[in-house]
Ligand SMILES: [Ca+2]
């Protein structure tokens, strides 16, 4: 942890120093002249800039005229010999997504253009390392890359931010077979992708972590779809204990900030469902994980979590259903003001919830259900000093548990964890203010019955 922090800040210090040195060059030259003329001392360069705790990454500042929003088509029976003008007619589409003459090259930055891809498998990567992708300055003028309505479109991978900057881009309804990657090769965050909306993608991979957002990514909105079946593969992070010669990959591995993952089914594979861990305090903050179903991940004998949320501050996990994972359900570690509320954590093969072990800072854990987890409700690796655990529905009488009765799920055998009429979790939640307050179906909290329920569903 400390090694990475030192690396990070030395890097930033060096860059600041270099910049200052460059600015100081003319004055150095002048000083040299003065020195030669009057034998006066040269200008001293101070190397004592304050170490920045975070790097502010500015949004795109380019301005564009009012967007006209053209639609361009790509199809497996198309031709890249068709002009962009012709490709606006679905009868004369482009053949490829990428490339100088492909469909994506027709889209203009800031013009709200759409690339509409017809059914088929395209062995291509949508990658800003290959060519500049069309950025916008808001979602109003953002470009959209999408599958044609009702058609199945499969591509290889999506890779954003490793060479050219990309912001305000929408990608919808694609099947992606070699993973999604957001990041930057620059240690100072240059070209970090941000404000990217990824809607209803089906993402998997056989050789990588499935969905990765690196440290400098921010304001990604990942909504709907599936992220699944992370492989065991040598290049991935090794778990403890590592499977012989292999690393366990994760379905989601993210430590950016201000990112949202919502309404996604995250399942399968032998590692973590969502793994938020930077190893650096404060890195990976203000993320939201909500309305997800995270299930059937992990490996017997290997520690993992359906959802791990640690290191950063002000992260929130709420209204998720975390079930049938082979290790822990929810893991909470270090960071300030992190919150986990109204989650339903059921049938996991280890404890339902693990707290601590990554540090000991304030975490709020309230209105959650833990039930039928093999080893019990909570495993505390030293109770986090600031942990507030209250008003939860548990399997066993623990501190912070309101009741241990059967929560009366509607149909556990069908993984339906809504509450039956008469459930002791109904109307027993604590009303929380100033936070997102709908359940996993979008029902406003407290709008049914007498008040907030415990768990992911609101009922009466
Ligand atoms: Ca209620």
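Structural remarks
- Lone unmet requirement of (1) farther than 18 Å from residue 391 by Cβ; (2) within 13 Å of the ligand (Cβ to nearest atom); (3) touching a residue at least 40 places away in the same chain (Cβ under 8 Å) for residue 430: (1)
- Flag not set for residue 441, criterion: more than 10 Å from the ligand (Cβ to nearest atom), assigned by TED's automatic domain parsing to the domain that holds residue 290 and either outside any loop (DSSP other than H, G, I, E, B) or within 23 Å of residue 376 (Cβ to Cβ) (or both).
- Tally of residues being under 16 Å from residue 390 (Cα atoms) and either more than 15 Å from the ligand (Cβ to nearest atom) or not in a loop (DSSP other than H, G, I, E, B) (or both) across region 413-427: 0
- Test: residue in region 397-407 that is more than 16 Å from the ligand (Cβ to nearest atom), under 25 Å from residue 262 (Cα atoms) and part of a loop (DSSP other than H, G, I, E, B): no
- Members of region 90-121 that are part of a strand (DSSP E or B) and either more than 13 Å from residue 135 (Cα to Cα) or at pLDDT below 95 (or both): 94, 115, 116, 117, 120, 121
- Any hit, region 368-380, residues being modelled with pLDDT under 95 and either within 16 Å of the ligand (Cβ to nearest atom) or surrounded by fewer than 22 Cβ atoms within 10 Å (Cβ to Cβ) (or both): yes
- With respect to the stated conditions, residue 455 is more than 10 Å from the ligand (Cβ to nearest atom), within 13 Å of residue 368 (Cβ to Cβ) and crowded, with 24+ Cβ neighbours inside 10 Å.
- Of all the numbered requirements in (1) in a loop (DSSP other than H, G, I, E, B); (2) more than 14 Å from the ligand (Cβ to nearest atom); (3) without any contact (Cβ under 8 Å) to a residue 40 or more places away in the chain, residue 410 misses one, and that requirement is (1).
- Residues satisfying the stated conditions in region 122-137, i.e. surrounded by fewer than 21 Cβ atoms within 10 Å (Cβ to Cβ) and free of Cβ contacts under 8 Å to residues at least 40 places away in the same chain: 123, 124, 127, 129, 130, 131, 132
The values are calculated or read from the model by the stated rules, or taken from the named source; none is laboratory data. Just so it is clear, the model here is predicted, and its values are computed rather than measured. Glycine gets a Cβ as well: all are built from the backbone with ideal geometry, and neighbour counts include every protein chain shown.
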